[in-house]
Amino acid sequence: MIALRSVLFNTIFYANLIIRMIVLSPYYFAVPRLTAYAIPKNWARSNHWLMRMIIGATFEIEGLENLPDGSYILAPKHQSFWDTYALLPRLKDPVYILKRELMWIPLFGWYAKKQRMIPVDRGARGKVMVEVLRRTKEELSTGRQLIIYPEGTRRPPGAEPVYKYGIARMYRDLGIPVVPVAMHPGLFWPRRSFRRYPGHFKVRILPPIMPGMDPDAFFAHLIEVTERASDELLIDTVERNPHLPLPPTAVERLTELRKLKAARA
């Protein structure tokens, strides 16, 4: 049944994306940018409904009160395609720094350009990165929220964290709060797999790290608070959903955490 439900969900998920983009394009490109943002936000909500109705996967968000007013950097764990859109409905006016190749995709790239997403060549240095920073400051000056995945790419649940120092540079140069987010959607929507699994999990929005820290101290603190919350949620999620097939990284991390708990007892 999981395989059948997964095929059904994936089919409807991508059809939902493509059909909405095509049918709603005249409205999307005719109205002001912020008004148009309702379309991707409603798309995200519809995906949550599809996950609940077809797969039986639900989630709850803790810590919404930790989101500051105005501009900030949202720094979520990145495990799945799910977390690229899941929080859109909760953010006023988010902006992403995207691989420039994504901007070349018909329809998707046009939608992203309308929302003034910031393209970047990942291998770029020097003047190109200066321009990315300039564009980022320009967008944030209007009160937008920047979404950055500190690990850069999707990592399986429980995997050893590999944070990129770029977020520390952004923290230093932008001078705005950073809000860490811990979650484990990768247990329900695994990377590089068509299978989707039922169950319930939490998204935990942590207190903001206010500007002014030394970048190295900030970087260490970000990793520490995010990974501590991530470990807590890994244990909680597995206990709530004993049916889940766990990736080796999650099994290994759970074993480590249980040994640590036993040693402290």
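A few comments on the model shown:
- Per-residue Karplus couplings for region 79-85, computed as 6.51 cos²θ - 1.76 cosθ + 1.60 with θ equal to phi - 60°, are listed in order as 10, 7, 4, 3, 7, 7, 10 Hz, Gly and Pro entered as x.
- FRET efficiency estimate (nearest 0.05) - Cβ-Cβ, E60 to A262, R0 25 angstrom: 0.25
- Listed by chain and number, the lysines whose alpha-carbon sits under 19 Å from that of K99, ignoring those within fewer than 8 places in the same chain, are K77, K113, K114, K127, K137, K164.
- Built amide H within the under 5 Å cut-off of F59, gap 5+: F201
- The chain - percent of accessible surface contributed by carbon and sulfur, probe 1.4 Å: 61 percent
- ³J(HN,Hα) computed for each position of region 179-189 - Karplus, 6.51 cos²θ - 1.76 cosθ + 1.60, integer Hz, glycine/proline x: 10, x, 9, 10, 5, 9, x, x, 6, 10, 10
- Phi angles across region 43-58 convert, under the Karplus curve 6.51 cos²θ - 1.76 cosθ + 1.60 with θ = phi - 60°, into 3J(HN,Hα) values of 4, 4, 4, 5, 5, 4, 5, 4, 4, 5, 7, 8, 8, x, 9, 10 Hz, Gly and Pro given as x.
- Accessible area per residue in Å² at 1.4 Å probe, computed on the chain: 51 Å²
The values are calculated or read from the model by the stated rules, or taken from the named source; none is laboratory data. Quantities reported herein were computed from a predicted structural model and do not represent experimental measurements. Every residue, glycine among them, receives a Cβ derived from its backbone with ideal geometry; neighbour counts consider all protein chains shown. Heavy atoms of the whole protein, side chains included, go into the accessibility calculation; ligands, DNA and RNA do not. Shrake-Rupley method; radii C 1.70, N 1.55, O 1.52, S 1.80 Å.
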